[in-house]
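These notes are about the structure you will find just below.
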Amino acid sequence: MATTASRTAMGQEDRTLLARAPRSLWSDARRRLLRNKAAVAGIVYIMLLAIIAIAAPLIAPHPPLKIYPGNTYRQAAWVETPNNPRTTGSWEYPLGTDAIGRDVLSRLIYGTRTSLVVGFIPMILTLSIGTAIGLIAGYRGGWLDTLLMRFADIVFSFPSLLFFIIVMSALKNTPIGKVWNGFLILFAALSFVEWVGVSRLVRGQILSLKEKEFVEAARTIGARNHTILLRHLLPNSLSPIIVAGAFIVPGAIITEAVLSYLGIGLPPATKADAIFPVSWGNMILDGKGALQAQPWLMIAPAVAIASITLAFTFLGDGLRDALDPRQNQ
């Protein structure tokens, strides 16, 4: 009787397991990602920055370009300067002011907008270009694959930073360089170099997938090439593409900061109603000569850049672990 009862219980358990809907790859990846505390912390921080960027006019205590006479190089709120009371910190300007009396905290908040745009737009362009070229090269093969990959090798041979410096210096004061206040050439420069790594990654994925049984089955039933690429090969290659995108964003933000520090990045806005009035790179450039007079003019944007880079690094590592098929073994 005991044996019969145990067999009945086991049968019911088996039927329950069979009745459960199988989890998809993406649901498993989401569960693994949410168990990664560092990745979750990165996601929360990035979402917080997005909220700050959208609500900057409501959060910032002052307009970012407004000059307050008599408040040159005012220190952070907790710093006292007995020898020069005019520079003693005030909670009206929590992180102090710059060389012409603009509020550092307000500029830092508005700089979040610029940095997120500089990170995400080139990432979208880079992934689009690299994925398209990698798909075509890997699937078609032959002379087209050779031609595209040799072109990728030529682009890859350019030193990235030197290429950015040349492009920004040569086009900054031209009509093209002034489109969108310099954002156009910055996006183009970042995307033109970074797509190479994505295209090689996607090409490698396509070469390993195009001989699989599901692709042969699609060919057998008469599916067209673009259908095979978009409905079968691309969805199965998304995991490494998503991970690559997470690492492209901080790289673009750091590149813009370096170019601005060299004086050839995005020009500072002059209109009071500018959507992107300042970038963190511009603030670091302003603070370069004021480390003794007002250190937070450089410390604040440097910490902001470091923290957003760390957040995307945590997110990228978490995505890589979550989307790695070997985690299922």
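Once the Cα-Cα distance is subtracted from the 0.36 nm per residue extended length, the W91 to I124 segment shows a gain of 7.9 nm. Quick test of the membrane-span-like rule: which DSSP H helices of the chain reach at least 20 Å along their long axis (C-alpha atoms) with mean Kyte hydropathy at least -0.5? Within the chain the helices that satisfy the rule are 2-19, 37-54, 104-140, 142-157, 183-209, 238-261, 296-323. Simple spin-label estimate for T220 and A55 gives 5.7 nm between the two label positions (7 Å along the Cα-to-Cβ direction from each Cα). Measuring between alpha carbons in the structure, the pairs from K66/K178; K37/K66; K37/K210 lying more than 29 angstrom apart are K37/K66; K37/K210. Full extension of the chain between L238 and L144 gives 31.5 nm of extra length, using 0.36 nm per residue less the Cα-Cα distance. Each label was represented as a point 7 Å from its Cα along the Cα-to-Cβ direction; for D324 and W180 these points are 3.5 nm apart.
Is the range 185-244 rounded, prolate or oblate when judged by the Cα gyration tensor, a ≥ b ≥ c being the square roots of its eigenvalues, rounded requiring a/c under 1.5 and prolate requiring a/b larger than b/c?
Values: a/c = 3.24, a/b = 2.36, b/c = 1.37.
Verdict is prolate for the range 185-244.
Could you compute the longest span of the chain free of chymotrypsin sites (Phe, Trp or Tyr not before Pro) located in DSSP loops and having at most 10 other Cβ atoms within 10 Å, not counting the site residues? Counting only loop sites that pass the neighbour cut-off, the longest clear stretch is 92-329.
Taking a ≥ b ≥ c as the square roots of the eigenvalues of the Cα gyration tensor, the chain is oblate, since a/c reaches 1.5 or more and a/b is not larger than b/c.
Dividing the Cα radius of gyration of the range 224-309 by 2.2 N^0.38 Å, with N the residue count, gives 1.61. Exposure here means at most 16 other Cβ atoms within 10 Å; with trypsin sites (Lys or Arg not before Pro) in a DSSP loop as sites, the longest stretch of the chain lacking them is 67-177.
Taking amide H as placed 1.01 Å from N in the peptide plane, V79 has its amide H under 5 Å from the amide H of G89, each at least 5 places away in sequence or on another chain.
In this label model, N173 and Y68 are separated by 3.5 nm, measuring between points 7 Å along each Cα→Cβ vector.
Readers should treat all values here as calculations from the given coordinates under stated rules, not as data from a laboratory. Just so it is clear, the model here is predicted, and its values are computed rather than measured. Note that we place each Cβ from the backbone using ideal geometry, even for glycine, and neighbour counts take in every protein chain shown.
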